[in-house]
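**Q** Sending over a structure as structure tokens; questions will come in a sec.
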Amino acid sequence: MFGMTSGADWLIAGLGNPEPKYDGTRHNAGFEALDYLAAQWHCDIAKAKWQGLYGTAQVGDHKVVLLKPLTYMNLSGQSIAPAAAFYKIPRNHIIVLCDDIAQEPGHIRIRPSGSAGGHNGLKSIIASTGGEDFYRIRIGVGAKPRPDYDLADWVLGKFPPDDAKLVTGRHTDVEAACRLLMAGKLGEAQNKFNH
């Protein structure tokens, strides 16, 4: 493991809301995926800085910062931008794990850049880092059941057990996708896991 003085070449951030009442909600799909990565990579996300909790891991040839912003979803960028600046990590070496209501539970979509697509966490990161060219792995949590259903109630609602299984069942793919992205193999990651 490396100390604070060494640099890191990648930052992976999972998005969510910090209080226990949000555990298991759709909006916290990014937090849960990040916890899985941390477990696989023997990384303790426990140090507090940049309005978040973070830990560092050695993943193959890469020194990786795993970050959980504690700013609440809509201000995620206010944690991610200073962490990336501290480690001098460029935007195109940031991977963001977040929920996506445009996809069915258990689907994932990997993109190298793009607009926020209505996701306030992504909007905040784009505003705080000054650009859209960071990777995002969007984890499907399902669409609102009806058009008039309140979006905040939906994303802050808990997964039914079957949907939760579908989402956690993709964590191995999220981890493999992160490794491919860090190896510069975007196309392979998309071909394998975008479904």
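The values are calculated or read from the model by the stated rules, or taken from the named source; none is laboratory data. The structure presented is a predicted model; accordingly, all values stated were derived computationally and were not measured. Please note: Cβ atoms are built from the backbone with ideal geometry, for glycine as well, and neighbour counts cover all protein chains shown. Only protein heavy atoms, including side chains, enter the accessible area calculation; ligands, DNA and RNA are left aside. Shrake-Rupley method; radii C 1.70, N 1.55, O 1.52, S 1.80 Å.
**Q** Scan segment 94-110 for residues that are more than 18 Å from residue 152 (Cα to Cα) and touching a helix residue (DSSP H, G or I) at 6+ places or on another chain (Cβ under 8 Å) and report the count. Reasoning before the result, please.
**A** The initial filter retains those residues of segment 94-110 that are more than 18 Å from residue 152 (Cα to Cα), namely 94-97, 106-110.
From what's left, touching a helix residue (DSSP H, G or I) at 6+ places or on another chain (Cβ under 8 Å): 94-97, 106, 108, 110.
So the count comes out to 7.
**Q** Scan 37, 67, 53 and give me the residue that is open to solvent by less than 10 Å² (accessible area, probe 1.4 Å), more than 20 Å from residue 116 (Cα to Cα) and of a type outside the set (D, E, K, R).
**A** 37
**Q** Can you tell me which residue is farthest from residue 69 (Cα to Cα) among those in segment 6-54 that are in a loop (DSSP other than H, G, I, E, B) and among the aliphatic types (A, V, I, L, M)? Can you show your working first?
**A** Initially, segment 6-54 is screened for residues in a loop (DSSP other than H, G, I, E, B), giving 6-9, 15-19, 23-24, 41-46, 50-51.
Next, from what is left, pick out any that are among the aliphatic types (A, V, I, L, M): 8, 15, 45-46.
Numbers: 8: 18, 15: 7, 45: 11, 46: 12 Å.
It comes out as 8.
**Q** Name the residue that is farthest from residue 112 (Cα to Cα), counting only residues in segment 162-174 that are surrounded by 17 or more Cβ atoms within 10 Å (Cβ to Cβ) and among the acidic types (Asp, Glu).
**A** Top of the filtered list is 163.
**Q** From the list 17, 74, which one is under 24 Å from residue 173 (Cα atoms) and either touching a residue at least 24 places away in the same chain (Cβ under 8 Å) or crowded, with 23+ Cβ neighbours inside 10 Å (or both)?
**A** Details: 74 fails: under 24 Å from residue 173 (Cα atoms).
Going through 17, 74 in turn, just one is under 24 Å from residue 173 (Cα atoms) and either touching a residue at least 24 places away in the same chain (Cβ under 8 Å) or crowded, with 23+ Cβ neighbours inside 10 Å (or both): 17.
**Q** With the condition kept exactly as written, say whether any residue in segment 81-95 is in contact with a Cys (Cβ under 6 Å, 6 or more places away or on another chain) and among the small types (Gly, Ala, Ser).
**A** No, the conditions are met nowhere in segment 81-95.
**Q** I'd like to verify a number: residues in segment 179-194 that are outside any helix (DSSP H, G or I) and among the small types (Gly, Ala, Ser), how many? Steps first, please.
**A** Within segment 179-194, the subset outside any helix (DSSP H, G or I) is 183-185, 194.
Filter once more, keeping what is among the small types (Gly, Ala, Ser): 183-184.
Matching residues across segment 179-194 total 2.
**Q** Now for a separate question. Would it be correct to say that residue 142 is touching a residue at least 40 places away in the same chain (Cβ under 8 Å), within 26 Å of residue 185 (Cβ to Cβ) and part of a loop (DSSP other than H, G, I, E, B)? Outline the logic, then answer.
**A** Values: touching a residue at least 40 places away in the same chain (Cβ under 8 Å): yes; within 26 Å of residue 185 (Cβ to Cβ): no; part of a loop (DSSP other than H, G, I, E, B): yes.
Criteria not met by residue 142.
**Q** For segment 99-139, enumerate the residues that are more than 15 Å from the chain's Cα centre (by Cα), free of Cβ contacts under 8 Å to residues at least 60 places away in the same chain, buried (at least 16 other Cβ atoms within 10 Å of the Cβ) and farther than 22 Å from residue 181 by Cα.
**A** Result: 128, single match.
Rundown of residues vs (1) at pLDDT below 95; (2) under 18 Å from the mean Cα position of the chain (by Cα); (3) open to solvent by less than 90 Å² (accessible area, probe 1.4 Å), yes/no style:
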{"position": "152", "(1), (2), (3)": "yes, no, yes"}
{"position": "176", "(1), (2), (3)": "no, yes, yes"}
{"position": "179", "(1), (2), (3)": "no, yes, no"}
{"position": "189", "(1), (2), (3)": "no, yes, yes"}
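**Q** Just give me the residues in segment 155-178 being among the aliphatic types (A, V, I, L, M) and part of a strand (DSSP E or B), in sequence order.
**A** Listed by number, the list is empty, since nothing qualifies.
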